[in-house]
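**Student:** Take a look at this one; I'll ask things after.
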Amino acid sequence: MDIDRKTHWETVYETKKPEEVSWTQEVPKTSLDFIHSFRLDKSAKIIDVGGGDSKLVDHLLDEGFENITVLDISAKALERAKERLGNNASKVNWIVCDINDFKPETTYNVWHDRAAFHFLSTSEEIDNYVRTVRNAVTGFMVVGTFSEDGPIKCSGLAIQQYNEENLEGLLINDFDKIRCIKEDHITPFGTRQNFLFCCFKKQQPHLLEKKYI
């Protein structure tokens, strides 16, 4: 694990309130819309990668989803989410891990990643991420990154901007693109960040369609 990266994010979550960081969303509508479009059973296994203290998990629990995992490099971020959820926190599988070191012990029907993937800056990190999702995802992916019209940094760290073609190109051997959209995220301090959101379906040429697909 990159200790400097972990230290950075622990410091962010220890020193800043949700309204003091750019990625805060009261309602993660775009992510929820994509997940709803998959027509999942409530037993579907969903992982939110780099979820931090995002409220996506709150909404999924409210909708009755039963198998939710939230992964983040920052233990403090997950502690804040647990505190917010109260008793409902026990219904969630929490994993403190750098995505570069993540070795999934199960597979997931949905892999959701809003604004974690674009922090991977080397070809080795990106290739490792693609290998992980190839092995871990049985159903769908939702990936949100800064677009080519978005910022070049977040929380003081450089990011990788993506367009629809190069994001699809990274996953083309394993996933079929369903659709992509671009949208502006309005930060808590009123600035605009342009995001690219894409969803993909895992290629399963030799398997019968499962009922949640």
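The values are calculated or read from the model by the stated rules, or taken from the named source; none is laboratory data. Because the structure is predicted, anything quoted here is derived from the model rather than measured. Quick reminder, even Gly has a Cβ in these numbers, built from the backbone with ideal geometry, and neighbours come from all protein chains shown.
**Student:** For the range 129-146, what are the residues that are within 17 Å of residue 101 (Cβ to Cβ) and aliphatic (A, V, I, L, M)?
**Tutor:** Scanning the range 129-146 gives 130, 133, 136.
**Student:** Quick one: residue 35 ticks every box in (1) free of Cβ contacts under 8 Å to residues at least 40 places away in the same chain; (2) within 13 Å of residue 110 (Cα to Cα) except a single one, so which number is it?
**Tutor:** With respect to (1) free of Cβ contacts under 8 Å to residues at least 40 places away in the same chain; (2) within 13 Å of residue 110 (Cα to Cα), residue 35 is out only on (1).
**Student:** Given 81, 77, 89, which one is part of a helix (DSSP H, G or I) and under 23 Å from residue 125 (Cβ atoms)?
**Tutor:** 77
**Student:** Got a number for residues in the range 63-99 being within 20 Å of residue 119 (Cβ to Cβ) and of a type in the set (S, T, N, Q)?
**Tutor:** 2
**Student:** Next up: Restricting to the range 1-40, name every residue that is at pLDDT below 85, part of a loop (DSSP other than H, G, I, E, B), out of contact with any strand residue (DSSP E or B) (no Cβ under 8 Å at 6 or more places or on another chain) and more than 17 Å from residue 62 (Cβ to Cβ).
**Tutor:** Residues satisfying the conditions are 1, 2, 16, 17, 21, 24.
**Student:** If you don't mind, there's one more thing I want to ask. Somewhere in the range 89-103, is a residue under 15 Å from residue 197 (Cβ atoms) and crowded, with 16+ Cβ neighbours inside 10 Å?
**Tutor:** no
**Student:** OK, next. So, residue 84, is that one out of contact with any Lys or Arg (no Cβ under 6 Å at 6 or more places or on another chain), crowded, with 16+ Cβ neighbours inside 10 Å and of a type in the set (D, E, K, R) or not?
**Tutor:** Considered against the rule, which asks whether it is out of contact with any Lys or Arg (no Cβ under 6 Å at 6 or more places or on another chain), crowded, with 16+ Cβ neighbours inside 10 Å and of a type in the set (D, E, K, R), residue 84 comes out as no.
**Student:** In the set 52, 156, 150, which member is more than 28 Å from residue 172 (Cβ to Cβ), over 15 Å from the mean Cα position of the chain (by Cα) and among the small types (Gly, Ala, Ser)?
**Tutor:** Of 52, 156, 150, the one residue that is more than 28 Å from residue 172 (Cβ to Cβ), over 15 Å from the mean Cα position of the chain (by Cα) and among the small types (Gly, Ala, Ser) is 156.
**Student:** Considering (1) on the phi > 0 side of the Ramachandran plot; (2) surrounded by 15 or more Cβ atoms within 10 Å (Cβ to Cβ), say which one residue 151 fails and leave the rest.
**Tutor:** All conditions are met except number (1).
**Student:** Given the criteria out of contact with any helix residue (DSSP H, G or I) (no Cβ under 6 Å at 6 or more places or on another chain) and either over 24 Å from residue 18 (Cβ atoms) or modelled with pLDDT of 95 or more (or both), does residue 149 qualify?
**Tutor:** Considered against the rule, which asks whether it is out of contact with any helix residue (DSSP H, G or I) (no Cβ under 6 Å at 6 or more places or on another chain) and either over 24 Å from residue 18 (Cβ atoms) or modelled with pLDDT of 95 or more (or both), residue 149 comes out as yes.
**Student:** Looking at the range 157-170, can you tell me whether even one residue there is of a type in the set (Asp, Glu), in contact (Cβ under 8 Å) with a residue 12 or more places away in the chain and exposed (fewer than 15 other Cβ atoms within 10 Å of the Cβ)?
**Tutor:** no
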